[in-house]
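Notes follow once the structure below has been shown.
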Amino acid sequence: MKEYDVKITETLEKTVTVQAESHDAAEEQVRAAYYNSEYILDSENFTGVEFGTTEEREVQKEQADTMNVLLVKPFMYPQAVQIGCELEDLQKAVGGDIEATYPFNEPVALVMHDEGKLVGKDLNRALRDDDGDIYDIIAGDFLVVGLGEDDFCSLSPELMKQFEEHFHQPETFVRMGRSIMALPLPDDMVRKEDTPVKADSVPHKNNPDRDVL
């Protein structure tokens, strides 16, 4: 599919008779009178129309049926992705039924599996309060999406950059007494591909009985 800019040119003509000393003087006299609104051309002076294409572009399929969001997976750096806007698209992205949370002042939502911890998803990223204390941990893949007037929408480039930086470093978690500590995953242990992880390949791998807050 392409889009085209098509110029529509309508031609209006009117002949007026004037007295002057020369050809140039006659034209100048009529020109001055025209710009002084003494001659008005309207539909009665229409003589034709032409259509001409001035620009041709490929249409970039986006907006209505897709949105640009941030996908955050355990043990991996965040990825900017384009997904569909339907409920089924969001469910597919996180691997099940979804829930959304709004922990930031910016117009964004975190869309995640609604039972990620219960079904044994890998712990992913910690959510922290204003004092930097962990109050929850997201399990499984999640999305950072923008908020429109009525629904989720694409992240702006500025928000995409901000939250890529916020969630950039993957985390691993270890229980310390009654609390859980989030540790940055070393860069050499960050997954580059979305492949299964062996139980002993990540330090402090999450326990199946889910030691979470």
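Among the residues in segment 45-60, are any open to solvent by 40 Å² or more (accessible area, probe 1.4 Å), more than 27 Å from Thr17 (Cβ to Cβ) and without any contact (Cβ under 8 Å) to a residue 12 or more places away in the chain? Yes, some residue in segment 45-60 is open to solvent by 40 Å² or more (accessible area, probe 1.4 Å), more than 27 Å from Thr17 (Cβ to Cβ) and without any contact (Cβ under 8 Å) to a residue 12 or more places away in the chain. So, of the residues in segment 171-183 that are open to solvent by less than 50 Å² (accessible area, probe 1.4 Å) and within 15 Å of Leu127 (Cβ to Cβ), which turns out to be nearest to the chain's Cα centre (by Cα)? My answer is Glu171. Of the residues making up segment 150-174, those that are free of Cβ contacts under 8 Å to residues at least 24 places away in the same chain and closer than 18 Å to Asn105 by Cβ are Ser156, Glu158, Lys161, Glu165, His166.
Considering (1) assigned to a strand (DSSP E or B); (2) modelled with pLDDT under 90, the lone condition that Tyr135 does not fulfil carries the number (2).
Of the residues making up segment 156-172, not a single one is among the acidic types (Asp, Glu) and over 21 Å from Tyr77 (Cβ atoms).
Can you find, within segment 184-194, the residue that is modelled with the highest pLDDT among those that are of a type outside the set (Asp, Glu) and farther than 16 Å from Asn124 by Cβ? That would be Pro186. The residues on offer are Leu143, Leu70, Leu118, Leu41, and the sole one that is closer than 30 Å to Met181 by Cβ and open to solvent by 50 Å² or more (accessible area, probe 1.4 Å) is Leu118. Cβ-Cβ distances below 6 Å connect no pair with a first residue in segment 16-34 that is under 17 Å from Asn45 (Cα atoms), a second residue that is open to solvent by 100 Å² or more (accessible area, probe 1.4 Å), and a separation of six or more residues or different chains. With respect to (1) touching a strand residue (DSSP E or B) at 6+ places or on another chain (Cβ under 7 Å); (2) more than 28 Å from Asp188 (Cβ to Cβ); (3) not aromatic (Phe, Trp, Tyr), the lone exception for Glu88 is condition (1).
Residues in segment 94-128 that are farther than 22 Å from Pro184 by Cα, charged (D, E, K, R) and part of a strand (DSSP E or B): Glu99 only.
Just checking, how many residues over segment 1-38 are in a helix (DSSP H, G or I) and open to solvent by 80 Å² or more (accessible area, probe 1.4 Å)? Of the residues in segment 1-38, 8 are in a helix (DSSP H, G or I) and open to solvent by 80 Å² or more (accessible area, probe 1.4 Å).
The values are calculated or read from the model by the stated rules, or taken from the named source; none is laboratory data. Being a predicted model, the structure only gives us computed values, none of them experimental. Glycine also receives a Cβ, built like all others from the backbone with ideal geometry; neighbour counts cover every protein chain displayed. Heavy atoms of the whole protein, side chains included, go into the accessibility calculation; ligands, DNA and RNA do not. Shrake-Rupley method; radii C 1.70, N 1.55, O 1.52, S 1.80 Å.
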